[in-house]
Amino acid sequence: MRTTMTTTGLVLRATKTGEADRALLLLTPDGLVSAMAKGALRMRSKLFSGTGLFCYSEFVLFEGKTMHVVDAASVKQVFWGLHEDVERMALAMYYAELAATLSPTGAEADAQLRLLLNCLYFLSEGKRPPRVLKAVYELRAMTLAGFMPDLVACADCVKYEGGAFCFDALRGRLYCADCAAKRELACNLDAASLAAMRYVVFSEDGKLFSFSASEQTALRLGAVAERWTLVCLNRPLRSLEFLHTLWAPGVEDAESAQGAPLSPGDFERTQET
Ligand SMILES: [Zn+2]
């Protein structure tokens, strides 16, 4: 008798193979699972809707020798808004590549799945700017994976706030403007973007999305969060390169902003209704 397992899972990858099959990569509460949905692309296949890209479904899987085979897939949530906008879809693809690269297991997998579902919900509904959602996902996903940036205070003099700071991604440390200058590092965070970064890294799960950031703050936060992610992963991500082709002007702004005078904070908390 074949062994079956039932699990919820988010479809991170759905690749057409053969005549009408879908090869799936799922993020489940226990980790990544590869599964084949045979005939899923055929007309009236009962597997069609539940095995689409970014579907969150309940799966019944047969355990195969090399890969699981999908026996049933019932949809729990579809993020329709992702399919309406190329920028949203590109960011979702980046989320998926990042989640697959981190390949979480055990309790971390469950936490990574919940984070990703929440980010996809806000992205799909257009409830937060994509640049902010990108930085939130990067910083939280890295923190869950064991790469929490040290943002408590300046690593050299313990200064906590006031003026510009530098987050040195290569060392994962924060330096105040004076200490950064001694190390010949340029400041890349103003008060608002440092507050936003601390909020994203340290806030409780339920309050993670309860903040807003100006465009300039989002750009600074985004540049630092991305650099930290790439340093931690130590490898390029194809989906990020594509996202940059959509965001090229803003990314240049963010880079030039690092050397520009830093303005007072505009970081504020809001309540989600
Ligand atoms: Zn210092």
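Return the residue satisfying two criteria in turn: it lies in region 1-16 and is modelled with pLDDT of 95 or more and among the β-branched types (Val, Ile, Thr), and of such residues it is nearest to Cys119 (Cα to Cα).
Val11
Would you mind stating whether Leu174 is assigned to a helix (DSSP H, G or I), within 28 Å of Cys119 (Cα to Cα) and either assigned by TED's automatic domain parsing to the domain that holds Ala218 or at pLDDT below 95 (or both)?
no
Can you tell me which residues in region 1-36 are over 25 Å from Gly106 (Cβ atoms) and either of a type in the set (Val, Ile, Thr) or not in a strand (DSSP E or B) (or both)?
Met1, Arg2, Thr15, Thr17, Gly18, Glu19, Ala20
Out of (1) over 15 Å from Thr217 (Cα atoms); (2) away from the ligand (no atom under 16 Å from the Cβ); (3) in a loop (DSSP other than H, G, I, E, B), what's the single condition that is false for Cys119?
For Cys119, the exception is condition (3).
Can you find a residue in region 201-216 that is within 16 Å of the ligand (Cβ to nearest atom), aliphatic (A, V, I, L, M) and in the same structural domain as Leu98 (by TED's automatic domain parsing)?
No, region 201-216 has no match at all.
Got a sec? Which of Leu189, Leu185, Leu221 is within 16 Å of the ligand (Cβ to nearest atom) and buried (at least 23 other Cβ atoms within 10 Å of the Cβ)?
On inspection, the qualifying residue turns out to be Leu189.
Regarding Arg88, is this residue in a helix (DSSP H, G or I), basic (Lys, Arg) and buried (at least 21 other Cβ atoms within 10 Å of the Cβ)?
Here the answer is no, as Arg88 does not meet what is asked.
Does Met93 satisfy being part of a helix (DSSP H, G or I), touching a His at 6+ places or on another chain (Cβ under 8 Å) and surrounded by 15 or more Cβ atoms within 10 Å (Cβ to Cβ)?
Details: part of a helix (DSSP H, G or I): yes; touching a His at 6+ places or on another chain (Cβ under 8 Å): no; surrounded by 15 or more Cβ atoms within 10 Å (Cβ to Cβ): yes.
Against the criterion (part of a helix (DSSP H, G or I), touching a His at 6+ places or on another chain (Cβ under 8 Å) and surrounded by 15 or more Cβ atoms within 10 Å (Cβ to Cβ)), Met93 does not qualify.
Pick out the one residue from Ala177, Ala135, Ala169 that is closer than 20 Å to Asn188 by Cβ, of a type in the set (Gly, Ala, Ser) and within 16 Å of the ligand (Cβ to nearest atom).
Of Ala177, Ala135, Ala169, the one residue that is closer than 20 Å to Asn188 by Cβ, of a type in the set (Gly, Ala, Ser) and within 16 Å of the ligand (Cβ to nearest atom) is Ala177.
Being touching a Ser or Thr at 6+ places or on another chain (Cβ under 8 Å), in a helix (DSSP H, G or I) and not assigned by TED's automatic domain parsing to the domain that holds Lys127 is true for just one of Gly39, Gly50. Which residue is that?
Gly50
A quick yes/no check of all residues on (1) touching a strand residue (DSSP E or B) at 6+ places or on another chain (Cβ under 8 Å); (2) not charged (D, E, K, R):
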{"site": "Pro130", "(1), (2)": "no, yes"}
{"site": "Leu133", "(1), (2)": "no, yes"}
{"site": "Val152", "(1), (2)": "yes, yes"}
{"site": "Ala155", "(1), (2)": "yes, yes"}
{"site": "Leu189", "(1), (2)": "yes, yes"}
{"site": "Met197", "(1), (2)": "yes, yes"}
{"site": "Glu204", "(1), (2)": "no, no"}
{"site": "Glu226", "(1), (2)": "no, no"}
{"site": "Leu230", "(1), (2)": "no, yes"}
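Report yes if Val231 is within 16 Å of the ligand (Cβ to nearest atom) and assigned by TED's automatic domain parsing to the domain that holds Met89, otherwise no. Let's see the steps before the verdict.
Details: within 16 Å of the ligand (Cβ to nearest atom): no; assigned by TED's automatic domain parsing to the domain that holds Met89: yes.
When the stated conditions are applied, Val231 does not pass them.
Filter region 122-165 down to the residues that are within 25 Å of the chain's Cα centre (by Cα) and loosely packed, with under 14 Cβ neighbours inside 10 Å and list them by number.
If the condition is that a residue be within 25 Å of the chain's Cα centre (by Cα) and loosely packed, with under 14 Cβ neighbours inside 10 Å, then Glu125, Gly126, Lys127, Gly146, Asp150, Val152 are the ones that fit.
The values are calculated or read from the model by the stated rules, or taken from the named source; none is laboratory data. All values reported here derive from a predicted model rather than from experimental measurement. As a convention, Cβ positions derive from the backbone with ideal geometry for all residues, glycine included, and neighbour counts pool all protein chains shown.
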